[in-house]
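Report on the structure given below.
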Amino acid sequence: MATEPDPRLVYALTLRGHDEVSEARLDLGAGARRILPLVDGKRCIGDLHLFARPGELGPIVAELESQRLIEVCGVVEEPAEAQRRARASAELALLAQSKRQVEGLFDAVLGAAGHVWEARVADSVNMSVLRRVLREAVDVVYFRSGEEAARRIVAAVRPIFEQMQQTR
């Protein structure tokens, strides 16, 4: 089982990786296919967790490295304490705003069953938890209320995911 990579590591595509992004030839897993084009020599591993499910990033990185599609090209410095505090404060503000954006959404789509998802959103302690809750909720809406309802939920939560990406 692959361990989670150091979130400060920065990976770049190898020549083989560029070729694979241009024209898929290898039998890569879905997660690896999703992450590979995001490896740009600028983003650190800590930034890529937004595009992977919990516990998925380590095995994906290991797979891409073993296929010689990516390689370490640097390490980002630890942010200063003031930067960490500012980032934490910005994340809390984004979390509160995001919760307000989806308030009542699941009740409207799922009726009484939506109360559980409303509570899970309200109980989310950070953006990573909220992201997981929203992904799970979209799946539930899809299976209970159909594709059209799931598309409405995705359209409503997409701005939250975009805001999360912009703050990284």
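The values are calculated or read from the model by the stated rules, or taken from the named source; none is laboratory data. Quick caveat: nothing in here was measured; it's all calculated off a predicted structure. FYI the Cβ positions are ideal-geometry reconstructions off the backbone, even for glycines, and counts take in every protein chain you see.
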Review point. Among all residue pairs at least 6 apart or on different chains, which show Cβ distances below 8 Å where the first residue, located in the stretch 1-26, is surrounded by fewer than 12 Cβ atoms within 10 Å (Cβ to Cβ) and the second is at pLDDT below 95 and among the basic types (Lys, Arg)?
Key: ALA24/ARG33
Point to revise | Criterion violated by GLU136 - all others in (1) in a helix (DSSP H, G or I); (2) modelled with pLDDT under 90 satisfied | key: (2)
Study note, to complete from the structure: Checked pairs for the stretch 46-68, first touching a residue at least 60 places away in the same chain (Cβ under 8 Å), second surrounded by fewer than 17 Cβ atoms within 10 Å (Cβ to Cβ), C-beta under 6 Å and 6 or more apart or across chains, list as ASP47/ARG168; ALA62/ALA2
Exercise for review: Could you identify the single residue in ALA119, ALA155, ALA96, ALA149 that is touching a residue at least 40 places away in the same chain (Cβ under 8 Å), of a type outside the set (Asp, Glu) and not assigned by TED's automatic domain parsing to the domain that holds ILE35?
Suggested key: ALA149
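Scanning for something within 27 Å of ALA12 (Cα to Cα) and either of a type outside the set (Asp, Glu) or assigned to a helix (DSSP H, G or I) (or both), does the stretch 119-128 turn up at least one residue?
Yes - at least one qualifying residue is present in the stretch 119-128.
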